[in-house]
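What follows is a set of notes on a single structure, which appears directly below.
The values are calculated or read from the model by the stated rules, or taken from the named source; none is laboratory data. Since this is a predicted model, take the numbers as computed values, not measurements. FYI the Cβ positions are ideal-geometry reconstructions off the backbone, even for glycines, and counts take in every protein chain you see.
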Amino acid sequence: MRPLLLAATLLALSASGCTMPWQPEVGPIVGKVVYPSGLPASTALVQVLGGHTTFTSFDGSFYLSVPAHAETVTVAAREYWGTYAVIHSGSVRVPVPQGSVRVRIVLSEESPI
């Protein structure tokens, strides 16, 4: 019974995007999410498509670990402005870093909710 429970737990964690300790990771992607005006986008959702997710801090900065399973990754950001019923989004495609890589994502696309 315990092996079945362990297997189910590992499967659930894997499906939710968690990585296992033995999976290699490469350098982090750090950066800033801003609006076209240059103002920082605080609390924007940032994610490596198919990988880790985080939120920006008050100054728009973020830090993401990248699983080593691809040559390039797309880093996307979204911020929801409920007051204005608009989603601001932007993305950038970068090579998977061997060391740290810095990116700047501009939330240039708008779409109504």
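For the reader, a short list of remarks on this structure follows.
- Checking each residue in the range 53-76 for being buried (at least 19 other Cβ atoms within 10 Å of the Cβ) and either modelled with pLDDT of 85 or more or not hydrophobic (A, V, I, L, M, F, W, C) (or both) picks out 56, 60, 62.
- Cβ-Cβ under 6 Å pairs, at least 6 apart or on other chains, the range 47-65 side on the phi > 0 side of the Ramachandran plot, far side among the β-branched types (Val, Ile, Thr) and not in a loop (DSSP other than H, G, I, E, B): 60/33; 60/34
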